[in-house]
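Heads up: the structure comes next, in structure tokens.
The values are calculated or read from the model by the stated rules, or taken from the named source; none is laboratory data. Since this is a predicted model, take the numbers as computed values, not measurements. Ideal geometry is used to build each Cβ from the backbone, glycine not excepted, and the neighbour counts take in all protein chains shown. Accessible surface is based on the protein model in full, side chains and every heavy atom, while ligands, DNA and RNA are left aside. Shrake-Rupley method; radii C 1.70, N 1.55, O 1.52, S 1.80 Å.
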Amino acid sequence: MTTRSAGVLGLAGVFFGGRPASALTRRLIREPVVMAILLATTLLLGLSMVQWQSIVPAIALVLPLLFGGLFVPPRALAWLVGTVGFCLIAGGVVIGGGRTFVAVTAVVGITAIVSLGLARSRARLGLQGTMGESMLVDLRDRLAAQGRMPQLSRGWKIDLKHHAAERSSFSGDFAVASRSTDGQFLELALVDVSGKGHNAGTRALLLSGAFGGLLGSLPPEQFLPAANAYLLRQRWPEGFATAVHLVVDLLTGEYWVRSAGHPPAIHFHAGSGRWVTLDTEGGLLGVYEQKHYEPVTGYMRPGDALMLYTDGLVEAPRRDLTDGIDKLQGEAERLVARGFDGGAEKLIDAVASSDADDRALLLLWRT
């Protein structure tokens with residue numbers, strides 16, 4: 001393992017599992033205080049409900065349950081639920097039952113079940129309050145930040161767009177890119193992780209960090225074999241991925257494309273006005289060991305473009321993959337006359353038949 005890989009894994013460990021001792025101490029001190037306040041509030045509400053029914057209705061007992069679900073551990077919350085139940089029983093005995101009181105009791109019971117489920121979920125994550133949502137937002141933002149494309153030299157432009165399946169916040173498609181220290185070479189990879197939505201998004205976050213560390217740190221021909229070896233070591237039940245790896249000499253326009261089970265890249269030749277599919281072959285990442293991925297080479301001249309995309313854009317039920325690629329090329333031909341700026345978004349909207357799968361498209365062109 002390289003020093004950089006170790007650093008990535010170390011940061012992940014701190015983010016997900018690490019907790020300073022002082023923070024843990026504050027949490028242990030705070031929990032009994034919060035519990036005492038919630039119990040006192042519950043008893044006060046129960047007494048007020050009995051004494052002033054018209055002012056303090058029984059439905060007010062859901063408030064401590066909701067706060068308890070956010071800030072109290074499951075075992076302590078069980079005591080709070082028991083206290084709420086005692087208050088309801090006492091209120092029913094003193095003020096009498098009725099249809100309204102039965103309905104309120106049902107609502108309070110449902111709230112207690114939801115709060116217990118929320119507390120158990122927080123306990124598994126080791127989080128309090130709404131920190132779980134904040135963590136997911138942070139993870140999503142980190143994944144987007146790792147996919148930002150570097151600034152290119154004059155005469156080159158790049159456009160990348162992601163659309164997650166079913167409008168989810170997380171996507172199994174991601175891109176990583178790096179530019180050499182002298183600025184001559186652009187190296188990038190577009191990856192499609194198996195699955196979709198949140199399940200694929202968590203694996204995509206881990207892989208984007210690992211692949212971003214490999215990209216530019218190894219010779220280009222070693223990137224896909226190293227990425228494949230990393231995935232094999234994870235031993236995930238559903239852990240395969242496809243990837244296309246592109247290296248471009250920004251001075252001469254020469255490029256090298258390698259594929260690991262990914263849909264073929266497409267090259268637009270400005271001289272002939274045609275989009276040509278680049279036939280690249282290579283095994284999926286994370287399925288079996290592979291030491292070499294054969295590149296396809298070519299040159300990008302002024303006006304040329306390269307298009308990389310994931311299979312969610314061209315695959316559809318009852319439609320062959322080649323038909324989807326033909327449709328993509330047809331829409332891309334219409335794009336040429338209008339220019340490539342903003343073209344990734346336009347192509348995804350025009351080609352994708354549904355949002356049932358993650359979709360990503362990257363355009364690189366010379367002006």
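When ARG233 is tested against (1) under 20 Å from ASP159 (Cα atoms); (2) open to solvent by 50 Å² or more (accessible area, probe 1.4 Å); (3) part of a helix (DSSP H, G or I); (4) not polar (S, T, N, Q), exactly one condition is not met: (1).
Quick check on my filter: what residues within segment 185-195 are at pLDDT below 90 and buried (at least 22 other Cβ atoms within 10 Å of the Cβ)?
VAL193
Here GLU166 meets each of (1) under 20 Å from the mean Cα position of the chain (by Cα); (2) over 22 Å from ALA316 (Cα atoms); (3) touching a residue at least 40 places away in the same chain (Cβ under 8 Å); (4) surrounded by fewer than 20 Cβ atoms within 10 Å (Cβ to Cβ) with one exception, condition (2). Based on this model, can you work out whether ILE266 counts as at pLDDT below 90 and under 24 Å from TRP256 (Cα atoms)? So ILE266 fails the test. Residue selection: GLY213 satisfies the criterion of being in contact (Cβ under 8 Å) with a residue 60 or more places away in the chain, out of contact with any Gly (no Cβ under 6 Å at 6 or more places or on another chain) and assigned to a helix (DSSP H, G or I).
State whether one or more residues within segment 253-267 are out of contact with any helix residue (DSSP H, G or I) (no Cβ under 8 Å at 6 or more places or on another chain) and open to solvent by 60 Å² or more (accessible area, probe 1.4 Å). Looking for residues that are out of contact with any helix residue (DSSP H, G or I) (no Cβ under 8 Å at 6 or more places or on another chain) and open to solvent by 60 Å² or more (accessible area, probe 1.4 Å), one finds none in segment 253-267, hence no. Pairing residues of segment 225-247 that are under 10 Å from LEU284 (Cα atoms) with residues that are open to solvent by less than 10 Å² (accessible area, probe 1.4 Å) and among the β-branched types (Val, Ile, Thr), at Cβ distances under 9 Å and at least 6 apart in sequence or on separate chains, gives PHE240/VAL193; ALA241/VAL191; ALA241/VAL193; THR242/VAL191; THR242/VAL193; THR242/THR310; ALA243/VAL191. Across segment 267-293, the qualifying residues are those that are in a loop (DSSP other than H, G, I, E, B) and among the hydrophobic types (A, V, I, L, M, F, W, C), and the one among them that is farthest from ALA210 (Cα to Cα) is ALA270.
Between LEU207, LEU186, the distinction of being closer than 19 Å to ARG359 by Cα and outside any loop (DSSP other than H, G, I, E, B) belongs to LEU207 only.
A Cβ distance below 8 Å, combined with a sequence gap of six or more or placement on separate chains, defines the contacts here; from segment 301-327, residues that are over 15 Å from LYS161 (Cα atoms) reach residues that are among the aromatic types (Phe, Trp, Tyr) and surrounded by 18 or more Cβ atoms within 10 Å (Cβ to Cβ) in the pairs GLY303/TRP365; ASP304/PHE268; ASP304/TRP365; ALA305/PHE268; ALA305/PHE340; ALA305/TRP365.
To keep it simple, each residue is scored yes or no on (1) part of a loop (DSSP other than H, G, I, E, B); (2) open to solvent by 80 Å² or more (accessible area, probe 1.4 Å); (3) within 16 Å of VAL107 (Cα to Cα).
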site: LEU39; (1), (2), (3): no, no, no
site: LEU43; (1), (2), (3): no, yes, no
site: SER48; (1), (2), (3): no, no, no
site: ILE59; (1), (2), (3): no, no, yes
site: ALA76; (1), (2), (3): no, no, no
site: ILE89; (1), (2), (3): no, yes, yes
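The residue list LEU251, LEU313 contains one member that is in the same structural domain as HIS163 (by the TED database) and assigned to a loop (DSSP other than H, G, I, E, B), which is LEU251.
Against the numbered list (1) at pLDDT below 90; (2) in the same structural domain as ALA344 (by the TED database); (3) β-branched (Val, Ile, Thr), ILE158 comes up short only at (1).
For segment 269-322, a residue qualifies if it is of a type in the set (A, V, I, L, M), more than 27 Å from the chain's Cα centre (by Cα) and more than 19 Å from ARG338 (Cβ to Cβ), and the qualifying residues are VAL276, LEU278, VAL296, MET300. Counting only residues that are over 17 Å from the mean Cα position of the chain (by Cα) and more than 10 Å from GLY216 (Cα to Cα), segment 170-188 holds 3 of them. Sort out which residues of segment 353-367 are open to solvent by 20 Å² or more (accessible area, probe 1.4 Å) and either in a helix (DSSP H, G or I) or over 15 Å from ASP173 (Cα atoms) (or both), and write them in order of number. Within segment 353-367, SER353, SER354, ARG366, THR367 meet the criteria.
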